[in-house]
Amino acid sequence: GAAFIMYEVSGRSWVAMGDPVGPPAACEHLAWVFLEQCDRAAASPVFYQVSAENLALYVDLGLSLIKLGEEARVELAKFSLEGSARADLRQTHRRAVREGAQFEIVPRERIGEILPELRAISDEWLAERKVAEKGFSLGFFDERYLAHFDCAVVRNAGRIVAFANLWKAGGLAELSVDLMRQRRDAPKGVIDYLFIEIMLWGRAQGFAWFNLGMAPLSGLETHPLAPAWHKMGRLVHRFGENFYNFEGLHKYKEKFLPVWRARYLAAPRGVSMAGALLNVTSLISGGVTKALRK
């Protein structure tokens, strides 16, 4: 009753999203319970996007670890639009304001009033990019889900042109967004403006960090003696750039001057590790067929 693990079944893997959540002692006990249940179900235990702070736990569970990439977090007490390092962000913010952008936090009690407009924006966003909704580690549009959260919106001439629902960690430790969408005719740089305003709002509310999410395959070792996964990951990063904008995503987050920290996958070694990666990809993409198409 003091901790929980979020997981979903995919193929022969039980894939947990992130580390166990709760007090350390309860999390360690729960991780072993999870391992026991996987063993009874003849399934592979998989922990996706876990933190470096808990690596010893997964080693004790007998799991192998590979680095997935790095997560970007902005220290909000130090965030502002002042100084030469923030010149580009300052210019983007000023341009959005000149073009009529207005920022607002819509509390969850009033989300029902704007849900039809958010649905229209989301449908337009998906159609424009010719993509289907993803899931598991990525937000997707669901009205019941969105009704649980405050929502940050950008209006232009009274009309919502971009939005993102807000995740707030307990004790003002961290602020982040999950589902984020914009209209095709939104002012240029509207997402940058949205992020900036959320960070300024979060700083004013007393939040310590803003989490920009992960840049996949970033921070892998380049040494000739680096593990095979790092070498494979760098190849995917290099030759997969046409299919997934790895470098562009990292550069986009870097302009907010974040602190980067590593994120890992913990799973049984050998063939089970390869199967775990496929099962995680299937979960996020909504199925193996969709994953291969993308």
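The values are calculated or read from the model by the stated rules, or taken from the named source; none is laboratory data. Bear in mind that the values here come from a model prediction, so they are computed numbers and not experimental data. Neighbour counts run over all protein chains shown; Cβ positions are idealised from the backbone, glycine included. Only protein heavy atoms, including side chains, enter the accessible area calculation; ligands, DNA and RNA are left aside. Shrake-Rupley method; radii C 1.70, N 1.55, O 1.52, S 1.80 Å.
Overview of values
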{"quantity": "Test: residue in the stretch 137-146 that is of a type in the set (D, E) and open to solvent by 70 Å² or more (accessible area, probe 1.4 Å)", "calculated": "yes"}
{"quantity": "Filter result for W14 (open to solvent by 60 Å² or more (accessible area, probe 1.4 Å) and either within 23 Å of the chain's Cα centre (by Cα) or not acidic (D, E) (or both))", "calculated": "no"}
{"quantity": "Close pairs (6 angstrom Cβ cut-off, 6 or more residues apart or separate chains): open to solvent by 20 Å² or more (accessible area, probe 1.4 Å) in the stretch 175-188, hydroxyl-bearing (S, T, Y) anywhere", "calculated": "none"}
{"quantity": "Residues (open to solvent by 20 Å² or more (accessible area, probe 1.4 Å) and either touching a Ser or Thr at 6+ places or on another chain (Cβ under 6 Å) or in contact (Cβ under 8 Å) with a residue 12 or more places away in the chain (or both)) located in the stretch 30-42", "calculated": "L30, W32, L35, Q37, A41, A42"}
{"quantity": "Qualifying residues in the stretch 193-216 (those that are assigned to a helix (DSSP H, G or I) and open to solvent by less than 20 Å² (accessible area, probe 1.4 Å)) - the one farthest from A173 (Cα to Cα)", "calculated": "Y193"}
{"quantity": "Given (1) modelled with pLDDT of 95 or more; (2) closer than 28 Å to M17 by Cα; (3) open to solvent by 10 Å² or more (accessible area, probe 1.4 Å), number of the condition G170 does not satisfy", "calculated": "(1)"}
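Table: residues versus (1) modelled with pLDDT under 95; (2) under 16 Å from A266 (Cβ atoms); (3) in a helix (DSSP H, G or I).
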| residue | (1), (2), (3) |
| --- | --- |
| L30 | no, yes, yes |
| D39 | no, yes, yes |
| R73 | no, no, no |
| Q102 | no, no, no |
| I111 | no, no, yes |
